[in-house]
Amino acid sequence: MKYIQDDFKILKNSEIQSGFYDLMVNCPSITEKARTGQFINILCSDKPLRRPISICEIDKESGNIRMVYQVRGEGTEWISRLCAGDSINLLGPLGNGFNIPAKSRRMAVVGGGIGTPPLLGAAKQYLADNSERSCTAVLGFRNKSAVILEEDYKAVCNTVVTTDDGSYGEHGLVTVPLESEIAKGGIDVIIACGPTPMLKAVASVGEKHGITTFVSMEQRMGCGVGACLACVCKTKLAGEEIYSKVCTHGPVFNASKVVW
């Protein structure tokens, strides 16, 4: 897919939780091509490498893209200082997004930490495509202060929140409520994004129950367009193990194709 590189106007860049920001950019040329599960590479002042930020939501009518990110270094700290009306240089849309089977009727969304935002738009799109569908979200965080987008999910999905320390929601791993939801019956697809150990555990649950599972892999990226080979992960193709580029072959993979 051909991507766009240009300067666009910021509509909103607000802190929604300590260290977490909600960025809205008007970028019609990117929005027209974008799909849930893809990402945007943002130029951060004079930094040599762009910062990849997952797409949270896409509004094709208004031409707006929403991205929710966490400040983790100098690049994202620079982005956090931008204000509505400022210009920001975007490169995107990049990568391959979610491709949910059309016959699916009940989906489970499993997000971990900053892996939660890219699944929100996917859940909304999934439900908008077919009124007979339903969706359950299981969202895991370190503690109460790290919980984000809970109300956004509750507006569209049955939502369960877990925390590692038990300070909010259910105490423990996301796989426990996921297993409970599967036991109720009807879940035919799982999508997940978060830390690799969580994705591996979710993939194992999906495999055990014979449920098609898609994972959005988190890897450090250099160029974002497949040139630098910094973000490879091991996958399976025709019985052989190969290295796939997360930025171009992913970030979304069928979990059964990932070598964990």
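The values are calculated or read from the model by the stated rules, or taken from the named source; none is laboratory data. In this text the structure is predicted, and so the values were computed from the model without any measurement. Cβ sites come from the backbone with ideal geometry, for glycine too, and all protein chains shown count toward neighbours. For accessibility, only protein heavy atoms count, side chains too; no ligands or nucleic acids. Shrake-Rupley method; radii C 1.70, N 1.55, O 1.52, S 1.80 Å.
Checked against the criterion of being within 22 Å of PRO251 (Cα to Cα), part of a helix (DSSP H, G or I), in contact (Cβ under 8 Å) with a residue 12 or more places away in the chain and open to solvent by less than 20 Å² (accessible area, probe 1.4 Å), the candidates LEU139, LEU199 yield just one match: LEU199. On the basis of being within 24 Å of ARG72 (Cα to Cα) and either of a type in the set (A, V, I, L, M) or in a strand (DSSP E or B) (or both), does VAL205 make the cut? No.
For ALA108, indicate whether it is under 18 Å from LEU178 (Cβ atoms), part of a strand (DSSP E or B) and of a type in the set (A, V, I, L, M, F, W, C).
yes
Restricting attention to the range 67-85, the residues being surrounded by 13 or more Cβ atoms within 10 Å (Cβ to Cβ), touching a strand residue (DSSP E or B) at 6+ places or on another chain (Cβ under 6 Å) and in a loop (DSSP other than H, G, I, E, B) number 1. Out of SER131, SER145, one residue alone is open to solvent by 30 Å² or more (accessible area, probe 1.4 Å) and within 21 Å of LYS60 (Cβ to Cβ). It is SER131.
Would you tally the residues in the range 248-260 being of a type outside the set (A, V, I, L, M) and open to solvent by less than 40 Å² (accessible area, probe 1.4 Å)?
Residues that pass the stated criteria total 3.
Kindly establish whether ILE30 is under 21 Å from the mean Cα position of the chain (by Cα), part of a helix (DSSP H, G or I) and over 27 Å from ARG142 (Cα atoms). Write out each step before concluding.
Working: under 21 Å from the mean Cα position of the chain (by Cα): yes; part of a helix (DSSP H, G or I): yes; over 27 Å from ARG142 (Cα atoms): yes.
In short, yes.
Could you say which residue among LYS208, LYS245, LYS234 is open to solvent by 10 Å² or more (accessible area, probe 1.4 Å) and modelled with pLDDT of 95 or more? The conditions single out LYS208. Against the conditions (1) under 30 Å from LEU23 (Cα atoms); (2) touching a residue at least 60 places away in the same chain (Cβ under 8 Å); (3) acidic (Asp, Glu), ASP188 satisfies every one except (1). Taking every residue in the range 95-123 that is under 29 Å from ASN143 (Cα atoms) and pairing it with any residue that is of a type in the set (Phe, Trp, Tyr) and outside any loop (DSSP other than H, G, I, E, B), at least 6 positions away or on another chain, the pairs with Cβ-Cβ distances below 7 Å are PHE98/PHE214; MET107/TYR126; GLY113/PHE141; LEU120/TYR153.
Tallying residues that are open to solvent by 40 Å² or more (accessible area, probe 1.4 Å) and within 13 Å of GLU74 (Cα to Cα) within the range 34-58 yields 7.
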